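> So that we are looking at the same thing, I have put the structure below in structure tokens.
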Amino acid sequence: MTSLKHYLLNGSGHFGLYGGRYLPELLIPIMEDLEKAFYAAIDDHKFLEELENLYSNYSGRPTPLTFCENLTRKLGGAKIFLKNEGLNHTGAHKINHCLGQALLAKRLGKKRIIAETGAGQHGLASATVAAKFGMECTVYMGAKDYDRQRPNVFWMERLGAKVVAVEEGGQILRDAISAALRDLISNPLDTHYLLGTVCGPHPYPVMNTFFQKIIGIEVREQLKKQEGKLPDYLVACVGGGSNAMGLFHDFLDDPEVKMIAVEAGGKGIHSKGSRFDHAARFQEGEVGVVEGFKSYFLQDANGQIGETQSISAGLDYSGVGPQLAYLKDLGRIEAYFALDTEIMEAYQMLAEQEGIFAAMESTHALVEVIKLAPKLKKDQIIVFNCSGRGDKDLFITTQHFDKKRFNAFLQQFT
Amino acid sequence: MKQLMTHIVAGYPTIAKSQQLALTMAKSGVSFIEIQIPFSDPVADGRTIMEANQVALENGTTPEDCFELMARLKHKTHIPLLFMTYFNIPFRYGLEKFCERAKAVGAYGLIIPDIPIDEEPYDHYIKLCKKHDLHPIQVISSITPEERLKRIGKVASGFVYCVTGTRTTGERKELDSDSGDYLSRVRKHIRIPLALGFGISSKKQVKAVLKKADIAVIGSKILKLSQSCPSGRDRVRRFILSLNSARI
């Protein structure tokens, strides 16, 4: 059997039908330079040592693999382990590829970093590494997200980043990506575009997978120590797919390890034209070519990209990483979705049982774990990626659990 | 004589008005018109054209409307018309079907900025265009390396669209001063006519561009003129006529 692990990091950037580099000619030389620098860097021990040093001494890796004993007992089936990526610096796995790309940008002599962000988590991690590496930073954010994610805008600005509210289009993540690409077209030489997931043109899917695969590598070692065996199931939420690729990658050549990707089911799997009530690309998506790559996209019959919906900004995206599209077609991963209405109950259950607040995004994976665990045998093992911690969702969770008192509290400041 | 290419966004502000605007351009003496099929994510376009795309989509403009628009225009003008759009539109339509339909309504070629030559083994875009007798217009930039210019020169047909500077579309006061060097570098590898565009907005610029290039491309500037009320089309007509003396 050929190694899937190797194939999904291959230098062509094509994964079966998916991936590629569908960009205006203007950006091609920039991507070629980035690709060359990336493959040279990962062959360079000094680069990898520097990255490992940042992982452990800046971000706090390895993150714990926690046995959820109470949750396991409550659900009465498989043993549940939680990979706590929320304990990274800045609160989520995003810092992994931000550190990797910032090191690469430094190697390329770039002076400026730009990034897109939806909820603000990737923007925050980008602003953080820019501060750490002494680079200028501009973060593009859809105007709608800019308004509803004020706390993250505040943090990014404190870190010295310039946050630009993008007024064009639907004023969401997609528009922020377009704005960042336009910035790169205008400033191709001194700027590095720190794209925040395993989407976009080659080499981004490969590069971000490479910087995220540390998650799965740690899980393998930790579980070997704790249980002496491989997991039976890996479960991760999928927006663009960076945390899922991070967890899955190291296990791709272990056929006994099953993998489940959980997308945002939003208000349910229905749509009208280019308006989708969800962000479940594997349910209603069609193959398309957008923002530089070929994959599944939520789009209408004419190829116009759709508006998506989800309670979690990090999953609210119309496209999905090309490597995941390939793995789905291959049958190597299964794809399910969690509805907005299922999220709060799961969130509360994890808090009460294990004392951990999961991010809304990661809670999507948890919803599937709660469904799956009781169906499995007691000696089976599920590892789910708690890709981020829930602190950032304070303004969403309070509206659900304690709206009146929390809003009264906020009133005091107006 | 040197040539001018102008641009409309089909369906902006309405299908009927974009049709009238294209006819005004043709009557005023332009040599080529790009008919942009609106797309939700036009990454290579600046603000003016991007907003026009959005309006056209809000009006419900479909690729089929654009084909019909071109068919009607071809009955009224003989100048070459091209479809400009992003790759997802023909990809979703079915690339071969799209090429067939574009040829049937009289298109001269396609301008699709986000399908670089490297993807040819995967999508066969150039092959399918040529099979259906359409020019797959290649778009290059001032930072395209010589090695790529050589490869592009081998497949280019019709003309080659050279983007000035490192920018998205949109008018600007100063053109990059080194555009002469840029074009001479390109000419070494590409022996068909060169169109120069992105940011041209005055007669002086057209004159400067046409000293080196064969075709001057004017996009955003004309779109903006057409927006003036009530005499937008008239201003477009006068502007294009005023450029004609720069073309000799």
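> Among the numbered conditions (1) within 21 Å of the chain's Cα centre (by Cα); (2) open to solvent by 10 Å² or more (accessible area, probe 1.4 Å); (3) within 13 Å of chain A (Cβ to nearest Cβ), tell me where B:GLU147 comes up short.
Result: B:GLU147 passes all but (1).
> Considering only the stretch A:305-335, state which residues are among the polar types (S, T, N, Q) and surrounded by fewer than 22 Cβ atoms within 10 Å (Cβ to Cβ).
Residues of the stretch A:305-335 that are among the polar types (S, T, N, Q), as a first pass: A:308-310, A:312, A:318, A:323.
Answer for the stretch A:305-335, where residues must be among the polar types (S, T, N, Q) and surrounded by fewer than 22 Cβ atoms within 10 Å (Cβ to Cβ): just A:GLN309.
Per-residue answers, yes or no, for (1) under 29 Å from A:PHE337 (Cβ atoms); (2) assigned by TED's automatic domain parsing to the domain that holds A:VAL257; (3) open to solvent by less than 10 Å² (accessible area, probe 1.4 Å); (4) in contact with a strand residue (DSSP E or B) (Cβ under 8 Å, 6 or more places away or on another chain):
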residue: A:TYR140; (1), (2), (3), (4): yes, no, no, yes
residue: A:ARG174; (1), (2), (3), (4): yes, no, no, yes
residue: A:ASN187; (1), (2), (3), (4): no, no, no, yes
residue: A:THR191; (1), (2), (3), (4): no, no, yes, yes
residue: A:CYS199; (1), (2), (3), (4): yes, no, yes, yes
residue: A:VAL219; (1), (2), (3), (4): yes, yes, yes, yes
residue: A:GLY241; (1), (2), (3), (4): yes, yes, yes, yes
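> Away from chain B (no Cβ under 14 Å), more than 30 Å from A:ILE185 (Cβ to Cβ) and part of a loop (DSSP other than H, G, I, E, B) - does that describe any residue in the stretch A:48-55?
Looking through the stretch A:48-55, none of the residues is away from chain B (no Cβ under 14 Å), more than 30 Å from A:ILE185 (Cβ to Cβ) and part of a loop (DSSP other than H, G, I, E, B).
> Mind telling me which of the residues B:PHE83, B:PHE98 ends up being in contact with an Asp or Glu (Cβ under 8 Å, 6 or more places away or on another chain) and more than 21 Å from A:ARG21 (Cα to Cα)?
Details: B:PHE98 fails: in contact with an Asp or Glu (Cβ under 8 Å, 6 or more places away or on another chain).
It is B:PHE83.
> Further question on the same structure: Among (1) open to solvent by less than 10 Å² (accessible area, probe 1.4 Å); (2) free of Cβ contacts under 8 Å to residues at least 60 places away in the same chain; (3) over 19 Å from the mean Cα position of the chain (by Cα); (4) within 10 Å of chain B (Cβ to nearest Cβ), there is one condition A:VAL257 misses while meeting the rest; what is its number?
(4)
> Mind listing whichever residues of the stretch B:74-88 are surrounded by fewer than 23 Cβ atoms within 10 Å (Cβ to Cβ) and in contact (Cβ under 8 Å) with a residue 40 or more places away in the chain?
Going residue by residue through the stretch B:74-88, those that are surrounded by fewer than 23 Cβ atoms within 10 Å (Cβ to Cβ) are B:74-80.
The answer is B:LYS76, B:THR77, B:ILE79, B:PRO80.
> Okay, next question. Run B:GLY153 past the list (1) open to solvent by 20 Å² or more (accessible area, probe 1.4 Å); (2) away from every other protein chain (no Cβ under 14 Å); (3) at pLDDT 95 or above and report the number of the one that doesn't hold.
Exception for B:GLY153: condition (2).
> Select from the stretch A:298-308 the residues that are under 15 Å from B:ARG92 (Cα atoms) and either at pLDDT below 95 or within 8 Å of another protein chain (Cβ to nearest Cβ) (or both) and list them in ascending order. It would help to see each step written out before you state the result.
First, pick out the residues of the stretch A:298-308 that are under 15 Å from B:ARG92 (Cα atoms): A:298-306.
Across the stretch A:298-308, the qualifying residues are A:GLN299, A:ALA301, A:ASN302, A:GLY303, A:GLN304, A:ILE305, A:GLY306.
> Can you tell me which residue within the stretch B:38-73, out of those that are of a type in the set (A, V, I, L, M) and at the interface with chain A (Cβ under 9 Å from one of its Cβ atoms), is surrounded by the fewest Cβ atoms within 10 Å (Cβ to Cβ)?
Here is the first cut: in the stretch B:38-73, the ones of a type in the set (A, V, I, L, M) are B:43-44, B:49-50, B:52, B:55-57, B:69-71, B:73.
Filter once more, so that each one left must be at the interface with chain A (Cβ under 9 Å from one of its Cβ atoms): B:43-44, B:50, B:57.
Values: B:VAL43: 25, B:ALA44: 26, B:MET50: 24, B:LEU57: 20.
Here the residue is B:LEU57.
> Of everything in the stretch A:120-136, what is over 23 Å from A:LEU48 (Cα atoms) and open to solvent by 10 Å² or more (accessible area, probe 1.4 Å)? Give them in sequence order. Don't jump to the end; show me each part of the working.
Filtering the stretch A:120-136 down to residues over 23 Å from A:LEU48 (Cα atoms) leaves A:120-121, A:123-124, A:136.
Result: A:GLN121, A:LEU124, A:GLU136.
> Looking only at the stretch A:273-292, which residues are aromatic (Phe, Trp, Tyr) and within 14 Å of chain B (Cβ to nearest Cβ)?
Of all residues in the stretch A:273-292, those aromatic (Phe, Trp, Tyr) come to A:276, A:282.
Answer for the stretch A:273-292, where residues must be aromatic (Phe, Trp, Tyr) and within 14 Å of chain B (Cβ to nearest Cβ): just A:PHE276.
> Write out, first by first residue and then by second, each pair whose Cβ atoms fall under 8 Å of each other, whose residues are 6+ apart or on separate chains, and whose first residue, in the stretch A:21-36, is more than 8 Å from chain B (Cβ to nearest Cβ) and open to solvent by less than 10 Å² (accessible area, probe 1.4 Å) while the second is of a type in the set (Lys, Arg) and not in a helix (DSSP H, G or I).
Listed pairs, sorted by first residue: A:MET31/A:ARG21.
> Within the stretch A:376-398, which residues are modelled with pLDDT of 95 or more, open to solvent by less than 70 Å² (accessible area, probe 1.4 Å) and more than 25 Å from A:GLY60 (Cβ to Cβ)?
Listed by number, the residues that qualify are A:LEU376, A:GLN380, A:THR398.
> Would you confirm, using the coordinates I've provided, whether B:ILE15 is farther than 24 Å from B:ASN244 by Cβ, at pLDDT 95 or above and open to solvent by 10 Å² or more (accessible area, probe 1.4 Å)? Don't jump to the end; show me each part of the working.
Numbers: farther than 24 Å from B:ASN244 by Cβ: yes; at pLDDT 95 or above: yes; open to solvent by 10 Å² or more (accessible area, probe 1.4 Å): yes.
Answer is yes for this residue.
> So if I check each of B:LEU210, B:LEU196, which one is free of Cβ contacts under 8 Å to residues at least 60 places away in the same chain and within 26 Å of A:ILE185 (Cα to Cα)? Break it down into steps so the answer makes sense when it comes.
Working: B:LEU210 fails: free of Cβ contacts under 8 Å to residues at least 60 places away in the same chain.
Answer to the check: B:LEU196.
> Here's another thing I want to ask about it. Output the number of the condition that B:ILE33 fails; it satisfies all remaining conditions of (1) in contact (Cβ under 8 Å) with a residue 40 or more places away in the chain; (2) open to solvent by 10 Å² or more (accessible area, probe 1.4 Å); (3) not acidic (Asp, Glu).
(2)
> Residues that are surrounded by fewer than 24 Cβ atoms within 10 Å (Cβ to Cβ) and either within 26 Å of A:ASP391 (Cα to Cα) or in contact with an Asp or Glu (Cβ under 8 Å, 6 or more places away or on another chain) (or both): does the stretch A:293-301 have at least one? First the steps, then the outcome.
Taking the stretch A:293-301 and keeping what is surrounded by fewer than 24 Cβ atoms within 10 Å (Cβ to Cβ), we get A:300-301.
Retained after the next criterion (residues that are either within 26 Å of A:ASP391 (Cα to Cα) or in contact with an Asp or Glu (Cβ under 8 Å, 6 or more places away or on another chain) (or both)): none.
Among the residues of the stretch A:293-301, not one is surrounded by fewer than 24 Cβ atoms within 10 Å (Cβ to Cβ) and either within 26 Å of A:ASP391 (Cα to Cα) or in contact with an Asp or Glu (Cβ under 8 Å, 6 or more places away or on another chain) (or both), which makes the answer no.
> How many of the residues in the stretch B:121-132 are more than 18 Å from the chain's Cα centre (by Cα) and touching a residue at least 12 places away in the same chain (Cβ under 8 Å)? Write out each step before concluding.
So in the stretch B:121-132, the residues more than 18 Å from the chain's Cα centre (by Cα) come out as B:121-124, B:127-128, B:130-132.
With touching a residue at least 12 places away in the same chain (Cβ under 8 Å) added as a condition, the list becomes B:123-124, B:128, B:130-132.
Matching residues across the stretch B:121-132 total 6.
> What are the residues in the stretch A:1-37 that are assigned to a loop (DSSP other than H, G, I, E, B), of a type in the set (Gly, Ala, Ser) and in contact with a His (Cβ under 7 Å, 6 or more places away or on another chain), if any? Full working, then the answer.
Let us first name the residues in the stretch A:1-37 that are assigned to a loop (DSSP other than H, G, I, E, B), namely A:1-3, A:8-13, A:16-17, A:20-24.
Checking which are of a type in the set (Gly, Ala, Ser) leaves us with A:3, A:11-13, A:16, A:20.
If the condition is that a residue be assigned to a loop (DSSP other than H, G, I, E, B), of a type in the set (Gly, Ala, Ser) and in contact with a His (Cβ under 7 Å, 6 or more places away or on another chain), then A:GLY13, A:GLY20 are the ones that fit.
> Does at least one position in the stretch A:233-240 carry a residue that is free of Cβ contacts under 8 Å to residues at least 60 places away in the same chain and over 18 Å from the mean Cα position of the chain (by Cα)? Before the answer, list the steps.
From the stretch A:233-240, those free of Cβ contacts under 8 Å to residues at least 60 places away in the same chain are none; that's our starting set.
There is no residue in the stretch A:233-240 that is free of Cβ contacts under 8 Å to residues at least 60 places away in the same chain and over 18 Å from the mean Cα position of the chain (by Cα).
> Among strands (runs of 3 or more DSSP E) lying entirely in the stretch A:56-175, which contain 2 or more residues that are within 14 Å of chain B (Cβ to nearest Cβ) and free of Cβ contacts under 8 Å to residues at least 60 places away in the same chain? Before the answer, list the steps.
Details: elements: A:65-67, A:79-84, A:112-117, A:136-142, A:162-166.
Once the strands (runs of 3 or more DSSP E) in the stretch A:56-175 are filtered for at least 2 residues that are within 14 Å of chain B (Cβ to nearest Cβ) and free of Cβ contacts under 8 Å to residues at least 60 places away in the same chain, what remains is A:136-142, A:162-166.
The values are calculated or read from the model by the stated rules, or taken from the named source; none is laboratory data. Keep in mind that what you see is a predicted model, and the values were worked out from it rather than measured. Positions of Cβ are generated from backbone atoms using ideal geometry, with glycine treated the same way; all protein chains shown enter the neighbour counts. Side chains are part of the model used for accessible areas, which takes the heavy atoms of the whole protein and leaves out ligands, DNA and RNA. Shrake-Rupley method; radii C 1.70, N 1.55, O 1.52, S 1.80 Å.
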